[in-house]
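Below is one structure, written out as structure tokens, with a few remarks after it.
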Amino acid sequence: MQQQDMLAAIKPDDFHFPVSRLLSLENTVNGCVQPQAHINALADVAHEHGLSVHMDGARLMNAAVKLQLPPAQLVAKADSVSLCLSKGLGAPVGSVLVGKRSFIHRARRLRKMLGGGMRQAGMLAAAGLYALQNNIESLAADHAKAARLADAL
């Protein structure tokens with residue numbers, strides 16, 4: 001997304017329009033890593049216009065490995081982050097949601113209201129912890145295999 005496209009999508013303060021409240025970003029997009037300077041610039045403009053910024057971290061660890069940056073640096077400008085534990089990391093299911101305490105409190109309430117609570121999720125949580133502690137480094141090998149496949153095709 002280019003900055004001008006984002007600005008064009010922000011609705012004016014007019015009761016004829018829905019209120020713009022959130023910019024949702026992701027890194028990677030369609031297998032391509034977005035430069036961190038670009039992500040930071042979009043987040044800065046969003047904040048200047050009163051929008052919260054969410055980082056959809058479905059493949060955040062792939063971006064961290066490719067850019068050789070710590071994940072915390074990739075999400076430093078985000079108000080909330082979701083991190084998928086199954087895509088690339090090998091956990092059977094699950095995601096982690098991170099944000100301010102008030103945001104997490106509201107998210108937990110909404111999850112419960114919508115039937116998203118799980119009982120005895122400890123085994124799945126253990127698989128997620130294992131994935132975070134053991135599988136991030138293998139992403140570089142996955143990237144190399146994908147590049148070889150792309151070259152062969």
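Quick note: the coordinates plus some simple rules give every number you see, no bench work behind them. If you're wondering where the values come from, they're calculated on a predicted model, not measured in any experiment. Cβ placement follows ideal geometry from the backbone for every residue including glycine, while neighbour counts extend to all protein chains displayed.
Points worth noting:
- Shape call, the chain: gyration tensor on alpha carbons, a/c limit 1.5: oblate
- Among the trypsin sites (Lys or Arg not before Pro) found in the range 30-126, those both in a DSSP coil and sparsely packed, with 16 or fewer other Cβ atoms within 10 Å of their Cβ, are Lys87, Lys100, Arg119.
- Using only side-chain charges placed at the Cβ, +1 for Lys and Arg and -1 for Asp and Glu, the dipole size of the chain relative to its Cα centre rounds to 780 debye.
- Residues His105, His54, sorted so that the one with the fewest Cβ neighbours within 10 Å comes first: His105, His54
- Unit charges at the beta carbon, dipole of the range 1-128: most positive-side option, Met113, Pro71, Ala8: Met113
- Arranged from fewest to most other beta-carbon atoms within 10 Å of their beta carbon, Met55, Met1, Met6 become Met1, Met6, Met55.
- Taking a straight line from the alpha carbon of Lys77, these lysines sit under 20 Å away, with near neighbours fewer than eight places off in the same chain left out: Lys66, Lys100.
- Computed from the Kirkwood radius of its Cα pairs, the Stokes-Einstein diffusion coefficient for the range 85-153 at 4 °C and 1.567 mPa s stands at 90 µm²/s.
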